[in-house]
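Here's the structure, in structure tokens; my notes come after.
The values are calculated or read from the model by the stated rules, or taken from the named source; none is laboratory data. This structure is a prediction, so every number in the text was calculated from the model and none was measured. Positions of Cβ are generated from backbone atoms using ideal geometry, with glycine treated the same way; all protein chains shown enter the neighbour counts. Heavy atoms of the whole protein, side chains included, go into the accessibility calculation; ligands, DNA and RNA do not. Shrake-Rupley method; radii C 1.70, N 1.55, O 1.52, S 1.80 Å.
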Amino acid sequence: MSNNLLAGKVGIISGALNDKSIAWKVAQKAHEQGARIVLTNAPLAMRMGEIKTLAAEIDAPIIPADATSVEELDKLFTEAQGHFGGKIDFLLHSIGMSANIRKGKSYGDLDYKFFQQTLDVSALSLHKMLAVAEKQDAFNEWGSVVALSYIAAQRAFLDYTDMAQAKAVLESIARSYGQRLGHQRKVRVNTVSQSPTKTTAGTGIAGFNAFYEYAQKMSPLGNAPAESCADYCISLFSDLTRYVTMQNLMHDGGFSTTGISQEMADLMEKAGE
Ligand code: NAI
């Protein structure tokens, strides 16, 4: 159902790989709410081709850009503004990748080249996007930027390895850049810390099912699905949240503030018998 929350707004959405991607749902919902969109992803992801289905569905051009390349991001922001015929109202950063996780490296045995790549792809890319946007003066006043994060930025989770550091850096960049862009353009920058979600990036983590089921049992509302994460992002792009900035916003069904749930307590009770 559309309330035209984003009527007249234009934005860039990164990270839609397939119909499981959180970014895919955000793009569909932003379109439904009246926004015009430019889609972007790494050239490699583009070759898989599924993004073209989404582009056709929501009538959005795709501008490939490796989010670690300032040059390609510069082209992305220039071409997106050319397409819209003006500045940008919202940006979704939905990018994460760790070769250490992909190759099953343990935290004590990380490859440092991969570690640097993890930080570059998953965190510094937000800084690069915002620095390019700032230099091009690409945002309209009261614009909104959302980047997706995970609670491993604050708490230790087995097997999330170097992505935990990447998310901590990502959230810190959102605060620092939020301060800067707030002063300059009244643009807000937030991170949304999402429940474990069954996507390509999510299920690529060893032990993901355990993460998922544990969070499901602990959260009073259960794990937040990708569709609901997209709804939350839409609210943050809309004018209803103009003064929310520099926050890490938990979208986790109550997981982060739960000590123990009845379901977990019952399981532990049985284990102790
Ligand atoms: P996904 O695998 O669908 O999306 C990740 C995207 O990052 C892909 O589209 C991929 O092509 C893109 N990407 C990777 N390297 C890139 C590069 N160099 N340049 C541009 N794009 C690049 O998975 P998902 O889950 O939708 O991930 C989106 C975001 O949500 C990520 O930041 C992830 O860490 C975050 N997140 C995911 C959770 C989960 O359990 N799935 C939980 C909390 C946060």
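Structure summary
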read-out	value
Positions within region 1-55 being within 9 Å of the ligand (Cβ to nearest atom), surrounded by fewer than 17 Cβ atoms within 10 Å (Cβ to Cβ) and either within 16 Å of ILE88 (Cβ to Cβ) or without any contact (Cβ under 8 Å) to a residue 60 or more places away in the chain (or both), in sequence order	PRO43, LEU44, MET48
Flag for GLY202 being of a type outside the set (A, V, I, L, M, F, W, C) and part of a loop (DSSP other than H, G, I, E, B)	no
Of all residues in region 126-175 being open to solvent by 10 Å² or more (accessible area, probe 1.4 Å) and of a type in the set (Phe, Trp, Tyr), the one that is farthest from the ligand (Cβ to nearest atom)	TRP142
Some residue of region 22-44 being part of a helix (DSSP H, G or I) and modelled with pLDDT under 95	yes
Tally, over region 58-112, of residues that are open to solvent by 40 Å² or more (accessible area, probe 1.4 Å), touching a residue at least 12 places away in the same chain (Cβ under 8 Å) and over 30 Å from VAL187 (Cβ atoms)	6
Residue check for ALA210: open to solvent by 10 Å² or more (accessible area, probe 1.4 Å), within 13 Å of the ligand (Cβ to nearest atom) and part of a helix (DSSP H, G or I)	yes
